[in-house]
1. Calculate the dipole size of segment 2-132 relative to its Cα centre from +1 charges on Lys and Arg beta carbons and -1 charges on Asp and Glu beta carbons; express the result in debye to the nearest 20.
2. Could you grab the relative contact order for segment 34-114? Cα pairs under 8 Å, six or more apart, rounded to a whole percent.
3. Return the label of the correct value of percent of Cα pairs over 27 Å apart, as calculated from the structure shown, out of (1) 23; (2) 17; (3) 13.
4. Picking from Leu36, Leu72, Leu24, which is most flexible by a Gaussian network model of the chain using Cα springs under 10 Å?
5. Using helices alone, I'd like the mean residue ellipticity at 222 nm for the chain: each DSSP H run of four-plus residues gives -39500 (n - 2.57), total over residue count, nearest 500.
6. Please enumerate, by chain and number, the aspartates and glutamates with C-alpha under 15 Å from the C-alpha of Lys25, excluding those fewer than 8 residues away in the same chain.
7. Given H placed 1.01 Å from N in the peptide plane, which residues other than close sequence neighbours of Asn2 have an amide H under 5 Å from its amide H?
8. Please list, or write none, the lysines whose alpha carbon is within less than 18 Å of the alpha carbon of Lys91, excluding same-chain residues fewer than 8 places away.
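Read-outs: derived from the displayed coordinates by stated rules, not from any lab. Here the structure is a predicted model, which is why all the values come from computation and not from measurement. Note that we place each Cβ from the backbone using ideal geometry, even for glycine, and neighbour counts take in every protein chain shown.
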Amino acid sequence: MNIVLDTNVFISGIFFSGPPYKILKAWKNLQIQIVLTQDILEEYQRVAGLLAEQFPTIDILPIINLLSIHGLFVDADRLDAPVCEDTDDDKFLECAIASNVKIIVSGDKHLLRVSGYRGITVLKPREFVDTYLK
């Protein structure tokens, strides 16, 4: 199963336990595939770098490198018009559309509000884990 992960879920999976961690573990165990664009990877790296300053004992480089190698990268076109209230979140929809992925996992209220756009479901991490990883 291919999914798109919002930055908050990816980063939470690295730094904290709970559903986001379970999602990254499922990716590591080849149960799911993370689909992303270069823009999404760069946002992951930027946010992870900021958190790494607060949590210096956590080495984020290995997981970023794994994602760079084993993530499924796509080239995505920009949307014709903004969809999310926070237009920076549109990149996740663009990635899903370009890759025909039907699930974005996110806790972001702007993405959650547009669930259903072009047949894409936006699920909170707990909902995804309970539905697809049990």
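1. For segment 2-132, the charge dipole is close to 600 debye.
2. Across segment 34-114, relative contact order equals 34 percent.
3. Of the listed options (1) 23; (2) 17; (3) 13, (3) comes from this structure.
4. Leu72
5. Helix contribution divided over all residues of the chain: -15000 deg cm²/dmol.
6. Within the straight-line cut-off, Lys25 pairs with Asp130.
7. The list, which skips near neighbours in sequence, is Gln33.
8. Here the lysines satisfying the reach criterion relative to Lys91 are Lys102, Lys109, Lys124.
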